[in-house]
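Here the structure is laid out as structure tokens; the discussion comes afterwards.
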Amino acid sequence: MIFDLNRGQLMEQDLYHEISHLIDKKLQNMVDNEKEIKFSEEGWAALNPSDFAYCQDYTDVPDAYYYDGYDDYFIDIYSRTFPSEDRARILEYAMIGAEFCFDTYPGLVEKLKYYAQCIRDGFD
């Protein structure tokens, strides 16, 4: 991975985002190797609204993803593309101290708690 450290103010946020992707790879590797850890995609999906599914595409985001009823669960539209992007956006906002997201949207708090538990469970 190459990371440009000369980007300015978003550098810290980008770093946390990319670290989340590395965390995801480690957790998924543990699941693939049948380690007994809390993390699972099914567990993560259960934290979303029951009628929601990630669009699994970066460029073709359906209009339904702009639906306000999902705001309690997602940082933004980008976080609705893939589960790993959802976790990365939550981690980056938590790490920069964006309390307004977690004070306002209880669905995000539950996701952050779950992800924190998974990280604690998967790492020494």
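Points worth noting:
- Subtracting the Cα-Cα distance of GLU99 and ASP71 from 0.36 nm times their residue separation leaves 8.5 nm of extension gain.
- Across the alpha-carbon atoms of the range 23-95, the computed radius of gyration and Dmax are 13.1, 38 angstrom.
- Helical content alone sets the calculated 222 nm signal of the chain at -16000 deg cm²/dmol, taking -39,500 (n - 2.57) per DSSP H segment of four or more residues and averaging over every residue.
- Stokes-Einstein D for the chain, Kirkwood Rh over Cα pairs, 20 °C, 1.002 mPa s (µm²/s): 141 µm²/s
Every number here is computed from the coordinates shown, using simple stated rules; none is lab data. Please read these numbers as outputs of a predicted model, since none were measured by experiment.
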